[in-house]
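Taking it in order: structure first as structure tokens, then the write-up.
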Amino acid sequence: MKKIFLFTSILITLSSIKSELFAQSVSAKEQCIKMGKGVNIIGYDTAVWKDFTKGRFKEKYFKMIKDAGFSTIRVNLFAFSGMDSKYKLNPKWLETLDWVVKKGLEAKLMVILDMHEYTAMADDPIAKKEMFMSVWRQLAPRYKDQPSDVLFELLNEPNQKLDVALWNQYLADAIKLVRETNPNRTLIIGPTNWNGIESLPTLELPKDDKNIIVTVHFYHPMPFTHQGAYWAKDFKELSGVKWIGTKEEKSEIETKLKVAADWSKANGRPIFLGEFGAYDKGDMDSRARYTSYVARTAEKFGFSWAYWQFDSDFIVYNIEKETWVDPILNALMNRK
């Protein structure tokens, strides 16, 4: 009888401990504060996903990013390119991702796994839904035992054919899938229209799941931030557009970001500004002024943020010269 009583007591104690751990999971608001200043990394470094020892992004950059003042890396995952015909992720692709997670955490960085296949999903979301779900069906259990400093961003910038109705359905399905193995994992989810602030009211999130950070992206005014960008048909021929920091220019940024701040307060969801920046064709002084003002305004409203991006374009680090782009880095870190 004593053995039965002892065994029952142990079970009750273990159950109590489990419940306590569940209750003590880090809140989305705490996570968002901790994320602080971030930077997008790796997405367009195609070589690294085949062999992380041969990519442009080197192991030393994790510590360099932390030492520069960043707290978070948003890892842009083009997962579809790492899949076979049965939607199974390539072992080498996964090996690289394991390396990124491990080295990011070792550098004391928070690590966001951002499913970045927004173009493929926008072009044919119905045909691609199973691929989308397969990504999380594999990644969620793989990283279920990682600490809370690893976050899952379900999909970058849903847009076009992935409309409001479809996206709300897809995100609900993906949340349910992820929660099977990661009940306490902080998720990052944004609205349609390329994570547009104006689309926040259309976002439907489960009311009983508070461990969600909502993300928006910000590139206003586009004629300035995307001047000369070859992929932006309305702005690729533009040049010489400056951002001086006039009262009107600042007011435009503050007004638009305040929409997200007001929505956040009304809905009790913290905000992560997952992308912002100005393309390299703009003059550096304007880009630095703009970058600083967006970052400071986001911080004033209580947002965490991640600059677009470390390498490729909009760069904050020049890999060819192995040096930081000081005007952009200083603007992000509020250094004179």
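The values are calculated or read from the model by the stated rules, or taken from the named source; none is laboratory data. Here the structure is a predicted model, which means the values were calculated and not measured. Virtual Cβ from ideal backbone geometry, glycine too; neighbours counted across all protein chains shown.
Taking the stated definitions as given, is Val294 closer than 27 Å to Val111 by Cβ, aliphatic (A, V, I, L, M), touching a residue at least 40 places away in the same chain (Cβ under 8 Å) and touching a Leu at 6+ places or on another chain (Cβ under 9 Å)?
Yes: the conditions hold for Val294.
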Original post:
Listed residues Lys247, Lys233, Lys281; which is modelled with pLDDT under 95 and more than 30 Å from Asn182 (Cα to Cα)?
Top reply: Lys233
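Please pick out the residue among Asp67, Asp45, Asp145, Asp51 that is touching a Lys or Arg at 6+ places or on another chain (Cβ under 6 Å) and over 22 Å from Asn195 (Cα atoms).
After applying the criteria, what remains is Asp45.
Mind listing whichever residues of the range 262-295 are small (Gly, Ala, Ser), surrounded by fewer than 17 Cβ atoms within 10 Å (Cβ to Cβ) and part of a helix (DSSP H, G or I)?
Going through the range 262-295, the residues small (Gly, Ala, Ser) turn out to be 264, 266, 268, 274, 277-278, 282, 286, 288, 292, 295.
Now restrict to residues that are surrounded by fewer than 17 Cβ atoms within 10 Å (Cβ to Cβ): 266, 268.
Hit for the range 262-295 is Ala266, nothing else.
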**OP:** Please enumerate the residues belonging to the range 112-143 that are over 19 Å from Thr96 (Cα atoms), part of a helix (DSSP H, G or I) and among the charged types (D, E, K, R).
**Re:** Asp123, Lys128, Lys129, Glu130
Original post:
Tell me, which residue of the range 65-92 that is out of contact with any strand residue (DSSP E or B) (no Cβ under 8 Å at 6 or more places or on another chain) and touching a residue at least 40 places away in the same chain (Cβ under 8 Å) is nearest to Met333 (Cα to Cα)?
Top reply: Lys66
Original post:
Within the range 42-82, restricting attention to residues that are assigned to a loop (DSSP other than H, G, I, E, B) and of a type in the set (Gly, Ala, Ser), which residue is farthest from the chain's Cα centre (by Cα)?
Top reply: Gly55
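Condition check ((1) at pLDDT 95 or above; (2) among the basic types (Lys, Arg); (3) within 21 Å of Asp114 (Cβ to Cβ)) across all residues:
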{"site": "Phe22", "(1), (2), (3)": "no, no, no"}
{"site": "Ile33", "(1), (2), (3)": "yes, no, yes"}
{"site": "Gly36", "(1), (2), (3)": "yes, no, yes"}
{"site": "Gly43", "(1), (2), (3)": "no, no, yes"}
{"site": "Lys60", "(1), (2), (3)": "yes, yes, no"}
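A quick yes/no check of all residues on (1) farther than 21 Å from Gln31 by Cβ; (2) touching a Lys or Arg at 6+ places or on another chain (Cβ under 9 Å); (3) at pLDDT below 95:
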position: Lys207; (1), (2), (3): no, no, no
position: Tyr219; (1), (2), (3): yes, no, no
position: Glu254; (1), (2), (3): yes, yes, no
position: Phe301; (1), (2), (3): no, yes, no
position: Tyr307; (1), (2), (3): no, yes, no
position: Ile319; (1), (2), (3): yes, yes, no
Subject >> Number of the condition not met by Gln309 [criteria: (1) over 17 Å from the mean Cα position of the chain (by Cα); (2) within 23 Å of Met35 (Cα to Cα)] >> reply: (1)
Original post:
Ser286: touching a residue at least 60 places away in the same chain (Cβ under 8 Å), under 22 Å from Ile33 (Cα atoms) and hydroxyl-bearing (Ser, Thr, Tyr), yes or no?
Top reply: no
**OP:** Considering every residue within the range 327-336, establish whether at least one is of a type outside the set (S, T, N, Q), over 27 Å from Gly43 (Cβ atoms) and either over 20 Å from the mean Cα position of the chain (by Cα) or modelled with pLDDT of 95 or more (or both).
**Re:** yes
Original post:
Which condition breaks for Asn195 when tested against (1) touching a helix residue (DSSP H, G or I) at 6+ places or on another chain (Cβ under 8 Å); (2) within 19 Å of Met35 (Cβ to Cβ); (3) not small (Gly, Ala, Ser)?
Top reply: (1)
Original post:
Across the range 100-111, what is the total count of residues that are of a type outside the set (Gly, Ala, Ser), part of a helix (DSSP H, G or I) and under 14 Å from Asn76 (Cα atoms)?
Top reply: 2
